[in-house]
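> Structure provided below as structure tokens; questions to follow.
The values are calculated or read from the model by the stated rules, or taken from the named source; none is laboratory data. Since we're looking at a predicted model, the values are computed, not measured. When we count neighbours, we look across all protein chains shown, and the Cβ atoms used for this are built from the backbone with ideal geometry, even at glycine. We work out accessible area using only protein heavy atoms, side chains counted, and drop any ligands, DNA or RNA first. Shrake-Rupley method; radii C 1.70, N 1.55, O 1.52, S 1.80 Å.
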Amino acid sequence: MDRVPTPDGTASAPALTTTGTPASSGHSAGAPGGRPPRPGVVLKAVDKDTTAGVIFGIGAYGLWGLLPLYFFVLQPAGAVEIVANRVVWSLVFCTLLITVTRSWRVLAAAFRDRTVLGTLSIAAALIAVNWLTYTYGVTTGQAVEASLGYFINPLVSVLLGVFVLKETLRPLQWAAVGIGFAAVVVLTISYGKLPWIALTLAFSFGLYGFVKKRIGPKADAVTSLTMETVVLTPLAAATMIFLAVSGTNTLGTQGPVHFWLLVSSGVITAVPLLFFGASARRLPMTTIGLLQYFAPVLQFIVALVVFKETMTLERWIGFGVVWLALLVLTVDMLALTRRNSVARKRALAGARTDT
């Protein structure tokens, strides 16, 4: 019987999973008279939480999918300046949120927890790598390859399940991973080099999502994002000062519109990350993997339609192989969902019989 992992890596008592599969048929010790809780109440709570997670996930990935348009209007700012501003202004925005929600005590408690602070420091490093790589890709005319990174990301989530969580892959999952590996080979031949932008984005964000998942309820979305930006702000602020002293910054030299566009990077950065944090705490990684398709599809369309990036026949073939891998993975996930649904209905029928 599976056990639900807690944020510190230990296993809690069996519980109802977010897919609706009952992990235990025994009675709840906390129910009055030793009777199990009414399954309808439990399922409604789970369904409500899952629905919220899906909505947050769609919001996050939809906004990330349109992010290249924002970077486009920030020209001539480069990747380093954009990321430095994103960090600093995100901290300002998060500070306002913490103040409005009166969450300073919660934030202080999280900072005192070494496990939370250490884990979110790792998350901060991963998201910094992701931001720099993605911004560099978009601002140097490689938005198509950047979108490829997020197409590959669901496959990375599967690999994380194998190598980190020691999960056993189902046959279709193995097939998807194999096809994905073949796609990387095809794209390497097409580009004439390893698609390092795509691979860096896929692995950095896959690991970031995994780390955020491990935090769980120990830090909510606002708290975790604030801690991440606090960790990154000293380096980001130093970078902004260096650019200003060297005369290479654009924050105060391109007019008020450009200034406020860069300042708004705090909100534009924080909102989808808050949505993602809220989604990651409510959904299993497989569901998050499905939702991730929204972002690369939008990014790919923007790269072709707005940025007019070229796609050779070899690259179309490579992307086609990636999409085939994602199709196989999607079929497997839908089949698993169907099996879980059947198991849930049987459990409900059994619970009604017991009562």
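> Taking the conditions exactly as written (in a helix (DSSP H, G or I), modelled with pLDDT of 85 or more, under 30 Å from residue 254 (Cβ atoms) and open to solvent by 70 Å² or more (accessible area, probe 1.4 Å)), does residue 72 satisfy them or not?
yes
> Given the condition surrounded by fewer than 13 Cβ atoms within 10 Å (Cβ to Cβ), in contact with a helix residue (DSSP H, G or I) (Cβ under 9 Å, 6 or more places away or on another chain) and over 23 Å from residue 176 (Cβ atoms), answer yes or no: does some residue in segment 331-353 qualify?
yes
> In this structure, is residue 146 more than 30 Å from residue 190 (Cα to Cα) and open to solvent by less than 50 Å² (accessible area, probe 1.4 Å)?
no
Residue by residue, here is whether (1) modelled with pLDDT under 85; (2) more than 23 Å from residue 65 (Cα to Cα); (3) open to solvent by less than 30 Å² (accessible area, probe 1.4 Å); (4) touching a Cys at 6+ places or on another chain (Cβ under 8 Å) holds:
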{"site": "206", "(1), (2), (3), (4)": "no, no, yes, no"}
{"site": "209", "(1), (2), (3), (4)": "yes, no, yes, no"}
{"site": "218", "(1), (2), (3), (4)": "yes, yes, no, no"}
{"site": "233", "(1), (2), (3), (4)": "no, yes, yes, no"}
{"site": "240", "(1), (2), (3), (4)": "no, yes, no, no"}
{"site": "253", "(1), (2), (3), (4)": "no, yes, no, no"}
{"site": "277", "(1), (2), (3), (4)": "yes, no, yes, no"}
{"site": "282", "(1), (2), (3), (4)": "yes, no, no, no"}
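Residues checked against (1) more than 23 Å from residue 222 (Cα to Cα); (2) surrounded by 17 or more Cβ atoms within 10 Å (Cβ to Cβ); (3) without any contact (Cβ under 8 Å) to a residue 60 or more places away in the chain:
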position: 99; (1), (2), (3): no, no, yes
position: 115; (1), (2), (3): no, no, no
position: 126; (1), (2), (3): no, yes, no
position: 136; (1), (2), (3): yes, yes, no
position: 152; (1), (2), (3): yes, yes, no
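> Further, regarding this structure: Which numbered condition in (1) on the phi > 0 side of the Ramachandran plot; (2) within 26 Å of the chain's Cα centre (by Cα) is the only one that residue 272 fails?
Unmet for residue 272, out of (1) on the phi > 0 side of the Ramachandran plot; (2) within 26 Å of the chain's Cα centre (by Cα): (1).
> Another question, if that's okay. Which of (1) touching a helix residue (DSSP H, G or I) at 6+ places or on another chain (Cβ under 9 Å); (2) surrounded by fewer than 21 Cβ atoms within 10 Å (Cβ to Cβ); (3) hydroxyl-bearing (Ser, Thr, Tyr) is the odd one out, the single condition residue 265 does not satisfy?
It fails just one condition, (2).
> Collect the residues in segment 251-290 that are outside any helix (DSSP H, G or I) and not β-branched (Val, Ile, Thr), keeping them in residue-number order.
Once the filter is applied, which keeps residues that are outside any helix (DSSP H, G or I) and not β-branched (Val, Ile, Thr), segment 251-290 yields 251, 252, 254, 255, 264, 281, 282, 283, 284.
> So, of the residues in segment 177-204 that are open to solvent by 10 Å² or more (accessible area, probe 1.4 Å) and not in a helix (DSSP H, G or I), which turns out to be farthest from residue 287 (Cα to Cα)?
Ranking the qualifying residues of segment 177-204, first place goes to 192.
> Being part of a helix (DSSP H, G or I), open to solvent by less than 50 Å² (accessible area, probe 1.4 Å), acidic (Asp, Glu) and touching a Leu at 6+ places or on another chain (Cβ under 8 Å): is that true of residue 81 here?
It is true that residue 81 is part of a helix (DSSP H, G or I), open to solvent by less than 50 Å² (accessible area, probe 1.4 Å), acidic (Asp, Glu) and touching a Leu at 6+ places or on another chain (Cβ under 8 Å).
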